[in-house]
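Participant: After the structure tokens below, expect a handful of questions from me.
The values are calculated or read from the model by the stated rules, or taken from the named source; none is laboratory data. The model shown is predicted, which means the values in this text are computed figures rather than measured ones. Note that each Cβ is placed from the backbone with ideal geometry, even for glycine, and that neighbours are counted across all protein chains shown.
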Amino acid sequence: MKILITGGAGFIGSAVIRHIIKNTNNEVLNVDKLTYAGNLESLQEIESNHNYQFKQIDICDVDRITQAFNDFQPDLVMHLAAESHVDRSIDGPNAFIQTNIVGTYTLLDVARKYWLSLENGRKEKFRFHHISTDEVYGDLHGTEDLFTETTSYAPSSPYSASKASSDHLVRAWQRTYGLPTIVTNCSNNYGPYHFPEKLIPLVILNALDGKPLPIYGKGDQIRDWLYVEDHARALFKVVTEGEIGETYNIGGHNEKQNIEVVRTICKILDELKPQANSQPYETLITFVKDRPGHDLRYAIDASKIAKELGWKPAETFETGIRKTVEWYLNNIEWCHRVQDGSYKRERLGVTV
């Protein structure tokens, strides 16, 4: 099959492409704008593979996206291109509206016209898979419930509101126009090649530099953590085996408070690369003013994808976080290069 993947130079997108190229014989076209968080170094190990190609395109550019569809003739589309950092959405929501909403609309419209042009047989096999987040569901604070595929949407941030909007557009294109779409909503991803603005890589790199480890509020926010390579396997399974019109929640079954996550990282670093002053890394933990509108708890019920598609995460949080810390220790130069001077691990999202 031919698979067009948007946002394939990003954290999750690159993991999906590495998985497909290394484990299947499918062809992949990676379409990515290459914003600050998109980095082709994440794909170096497969970039020379004859089944892989890349085009630098903004998904809002209707002419170039149309040309990419017509030239590549995809059987499947996996849409991962998105602005994804909550703090950045607080400082500058416009980019999130443009990419996540307008970009998704543009892609849907191009995909629909392309799909209608396909011959019978190919037309029936075509799928448009939209990859989203559990943040569209809002906050589970005060309950033991889990997010299911039927949980009502209640986004809190400009980021999650833009992703909720894109989810609704995808479903509308299926219900109104018949475009064969599938939606997945995932919990917090972590693992190799994660841009250092997110909690886990930020803590690892700050700790190694002896810098403060900033924790929002009391650090009691709970997230369900999903190892990115587990997520990549799930996404490929959904796009190839999932039912049209269905939604699948993908989670790691790893609910952890942020402070727990940070302390776990500190303990692993104490073991693998102790500080020169012999002090435990936990002494660097610093509590800072909480993020505006910060949701307290997210937790995914991933029983549907387990039951219907047979997917379960291979990594526990304990095995995944150790692999992640070890990867960053072995790839410090990558971390320095991807920051390119534009992001210095400063606090974002304080504008209110």
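Participant: Can you report the number of residues in the stretch 310-330 which are exposed (fewer than 14 other Cβ atoms within 10 Å of the Cβ), touching a strand residue (DSSP E or B) at 6+ places or on another chain (Cβ under 9 Å) and either assigned to a loop (DSSP other than H, G, I, E, B) or not β-branched (Val, Ile, Thr) (or both)?
Facilitator: Qualifying residue count for the region: 1.
Participant: Can you find a residue in the stretch 101-108 that is more than 20 Å from Pro158 (Cα to Cα) and either touching a strand residue (DSSP E or B) at 6+ places or on another chain (Cβ under 6 Å) or surrounded by 20 or more Cβ atoms within 10 Å (Cβ to Cβ) (or both)?
Facilitator: Yes: one or more hits.
Participant: Tyr36 passes all but one of (1) at pLDDT 95 or above; (2) hydroxyl-bearing (Ser, Thr, Tyr); (3) over 22 Å from Val238 (Cβ atoms); which number fails?
Facilitator: Failed condition: (1).
Participant: Turning to a different aspect of this structure: Could we say that Asn70 is farther than 18 Å from Ala37 by Cα and among the polar types (S, T, N, Q) here? Talk me through it step by step, then tell me what you get.
Facilitator: Details: farther than 18 Å from Ala37 by Cα: yes; among the polar types (S, T, N, Q): yes.
In short, yes.
Participant: Another question, then. With respect to the numbered conditions (1) under 21 Å from Glu246 (Cβ atoms); (2) in contact (Cβ under 8 Å) with a residue 12 or more places away in the chain; (3) of a type outside the set (Phe, Trp, Tyr), which one is the sole condition not fulfilled by Ala172?
Facilitator: (2)
Participant: If you don't mind, there's one more thing I want to ask. If you check Leu116 against the conditions, is it hydrophobic (A, V, I, L, M, F, W, C), buried (at least 16 other Cβ atoms within 10 Å of the Cβ) and more than 17 Å from the chain's Cα centre (by Cα)? Quick ask: steps written out before the conclusion?
Facilitator: Working: hydrophobic (A, V, I, L, M, F, W, C): yes; buried (at least 16 other Cβ atoms within 10 Å of the Cβ): no; more than 17 Å from the chain's Cα centre (by Cα): yes.
No.
Participant: Could you please tell me which pairs satisfy a Cβ distance under 6 Å, a separation of 6+ or placement on different chains, a first residue in the stretch 297-314 that is over 16 Å from Ile182 (Cβ atoms), and a second residue that is aromatic (Phe, Trp, Tyr) and outside any helix (DSSP H, G or I)?
Facilitator: Ile300/Phe147
Participant: Among the candidates Ile268, Ile222, single out the residue that is at pLDDT below 95 and among the hydrophobic types (A, V, I, L, M, F, W, C).
Facilitator: Details: Ile268 fails: at pLDDT below 95.
Within the list Ile268, Ile222, the selection yields Ile222.
Participant: Still on this structure, please answer the following. Quick one: is Val170 of a type outside the set (D, E, K, R), assigned to a helix (DSSP H, G or I), within 26 Å of Gly293 (Cβ to Cβ) and in contact with a strand residue (DSSP E or B) (Cβ under 6 Å, 6 or more places away or on another chain)? If you could, list the steps in order and put the result at the bottom.
Facilitator: Values: of a type outside the set (D, E, K, R): yes; assigned to a helix (DSSP H, G or I): yes; within 26 Å of Gly293 (Cβ to Cβ): yes; in contact with a strand residue (DSSP E or B) (Cβ under 6 Å, 6 or more places away or on another chain): yes.
Against the criterion (of a type outside the set (D, E, K, R), assigned to a helix (DSSP H, G or I), within 26 Å of Gly293 (Cβ to Cβ) and in contact with a strand residue (DSSP E or B) (Cβ under 6 Å, 6 or more places away or on another chain)), Val170 qualifies.
Participant: Exactly one of these conditions fails for Glu41: (1) modelled with pLDDT under 95; (2) surrounded by fewer than 18 Cβ atoms within 10 Å (Cβ to Cβ); (3) in a loop (DSSP other than H, G, I, E, B). Give me its number.
Facilitator: (3)
Participant: Which ones in the stretch 153-179 are in contact with a helix residue (DSSP H, G or I) (Cβ under 7 Å, 6 or more places away or on another chain), farther than 25 Å from His141 by Cβ and not hydroxyl-bearing (Ser, Thr, Tyr)?
Facilitator: Matches in the stretch 153-179: Leu169, Val170, Trp173, Leu179.
Participant: Go through (1) at pLDDT below 95; (2) closer than 25 Å to Ile259 by Cα and name the single condition Ala302 misses.
Facilitator: Failing condition for Ala302: (1).
Participant: Does Glu333 meet the test of being in a helix (DSSP H, G or I), modelled with pLDDT of 85 or more and either within 19 Å of the chain's Cα centre (by Cα) or of a type in the set (D, E, K, R) (or both)? Explain how you work it out, then say what you get.
Facilitator: Details: in a helix (DSSP H, G or I): yes; modelled with pLDDT of 85 or more: yes; either within 19 Å of the chain's Cα centre (by Cα) or of a type in the set (D, E, K, R) (or both): yes.
Spelling it out, Glu333 is indeed in a helix (DSSP H, G or I), modelled with pLDDT of 85 or more and either within 19 Å of the chain's Cα centre (by Cα) or of a type in the set (D, E, K, R) (or both).
Participant: If you don't mind, there's one more thing I want to ask. Just give me the residues in the stretch 194-222 being crowded, with 24+ Cβ neighbours inside 10 Å and within 30 Å of Tyr105 (Cα to Cα), in sequence order.
Facilitator: Of everything in the stretch 194-222, just one residue is crowded, with 24+ Cβ neighbours inside 10 Å and within 30 Å of Tyr105 (Cα to Cα), namely His194.
Participant: Further question: Against the definition (free of Cβ contacts under 8 Å to residues at least 24 places away in the same chain, surrounded by fewer than 20 Cβ atoms within 10 Å (Cβ to Cβ), on the phi < 0 side of the Ramachandran plot and over 21 Å from the mean Cα position of the chain (by Cα)), how does Glu282 come out, yes or no?
Facilitator: On the way: free of Cβ contacts under 8 Å to residues at least 24 places away in the same chain: yes; surrounded by fewer than 20 Cβ atoms within 10 Å (Cβ to Cβ): yes; on the phi < 0 side of the Ramachandran plot: yes; over 21 Å from the mean Cα position of the chain (by Cα): yes.
So Glu282 fits the description; yes.
Participant: Output the number of residues of the stretch 216-241 satisfying the condition of being part of a strand (DSSP E or B) and either in contact with an Asp or Glu (Cβ under 6 Å, 6 or more places away or on another chain) or within 12 Å of Arg127 (Cβ to Cβ) (or both). Even if it seems obvious, please write down each step before you answer.
Facilitator: Step one: list which residues in the stretch 216-241 are part of a strand (DSSP E or B), which gives 216, 222-227.
Filter once more, keeping what is either in contact with an Asp or Glu (Cβ under 6 Å, 6 or more places away or on another chain) or within 12 Å of Arg127 (Cβ to Cβ) (or both): 216, 222, 224, 227.
Of the residues in the stretch 216-241, 4 are part of a strand (DSSP E or B) and either in contact with an Asp or Glu (Cβ under 6 Å, 6 or more places away or on another chain) or within 12 Å of Arg127 (Cβ to Cβ) (or both).
Participant: I've got another one for you. Just for strands (runs of 3 or more DSSP E) wholly inside the stretch 242-309: which have at least 2 residues that are out of contact with any helix residue (DSSP H, G or I) (no Cβ under 7 Å at 6 or more places or on another chain)? Steps first, answer last, please.
Facilitator: Working: elements: 247-250, 255-257, 285-288.
Of the strands (runs of 3 or more DSSP E) lying wholly inside the stretch 242-309, those with at least 2 residues that are out of contact with any helix residue (DSSP H, G or I) (no Cβ under 7 Å at 6 or more places or on another chain) span 255-257, 285-288.
Participant: While we're here: Going by the conditions given, is Gly242 at pLDDT 95 or above and in contact with a His (Cβ under 9 Å, 6 or more places away or on another chain)? Even if it seems obvious, please write down each step before you answer.
Facilitator: Details: at pLDDT 95 or above: yes; in contact with a His (Cβ under 9 Å, 6 or more places away or on another chain): yes.
Yes, satisfied.
Participant: Continuing with the same structure: Among the residues of the stretch 96-151, write down those that are within 15 Å of Val77 (Cβ to Cβ) and among the aliphatic types (A, V, I, L, M).
Facilitator: Leu107, Leu108, Val110, Ala111, Leu116, Leu118, Ile131
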